[in-house]
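Okay, structure first, notes after.
Here, each number is a calculation from the coordinates, and none is a lab measurement. Everything numeric here is computed off the predicted structure, so don't read it as measured data. Backbone-built Cβ (ideal geometry, glycine too); neighbour counts: all protein chains shown.
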Amino acid sequence: MVDVESRTARDRDSHFGRRAVIAALGGNRITYLLSGAMTGALYCALLGLGLLVAQGAVPYLLLVVVSHLVTVVIVYPWYRLVVFRVSGEPWLAGYLRFYVVGAGFLAASLTGIPVLVEFFGIPIMVAQGMVIVMSPPLSYVIHRTWTFRDRGNV
């Protein structure tokens, strides 16, 4: 009899734990952080591949721009459908807002990377990583309040 009661309590606690994990993963902050890591990894992979293939024949800032453009095109649907769960709004308008935000961070990269590389001698990929680390909190706020806000309640 005691075994049944303790097993029931254990099952209830386990169920509560699973619900908490599911609720946390369902929240867009956690999803955003995971998506940001995925986006950063994709961008760094594209930039690293570009640097490897170009071997100095193409200016690294051009590779930064191209990597950024490709990344934004690939990740926008994910942010729209999975992270912020937007529906009922034209894709192009949302993409243009998403790109404007991304262009601001691209400008930060185009400004910050040369300073770190040329003046401080930091390798390109490390410099880009330093610039990227500063963007997620600000990016989340901008995307949440402008890019993907519920326009029906405006």
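Sequence-ordered 3J(HN,Hα) estimates for the range 58-68 from the Karplus curve with 6.51, -1.76 and 1.60 and θ = phi - 60° stand at 10, x, 4, 5, 5, 5, 4, 5, 5, 4, 5 Hz, glycine and proline given as x.
Rounded to the nearest 0.05, the FRET efficiency derived from the C-beta distance between Glu118 and Val70 at R0 = 25 Å is 0.50.
Evaluated with a Cβ-only charge set (Lys, Arg +1; Asp, Glu -1), the range 33-154 carries a dipole of roughly 360 debye about its Cα centre, given to the nearest 20.
Computed from backbone phi, the HN-Hα couplings of the range 114-122 come to x, 4, 5, 6, 6, 8, 10, x, 7 Hz, rounded to whole numbers (Karplus: 6.51 cos²θ - 1.76 cosθ + 1.60, θ = phi - 60°; Gly and Pro given as x). Quick one: Kirkwood hydrodynamic radius for the range 24-101, alpha-carbon pairs, angstrom, one decimal? That comes to 13.7 Å for the range 24-101.
Compared with the alpha-carbon gap, the fully stretched path from Leu62 to Ile30 is longer by 8.3 nm at 0.36 nm per residue. Potential lengthening of the chain between Gln55 and Val86 amounts to 7.1 nm, from the contour at 0.36 nm per residue minus the alpha-carbon distance.
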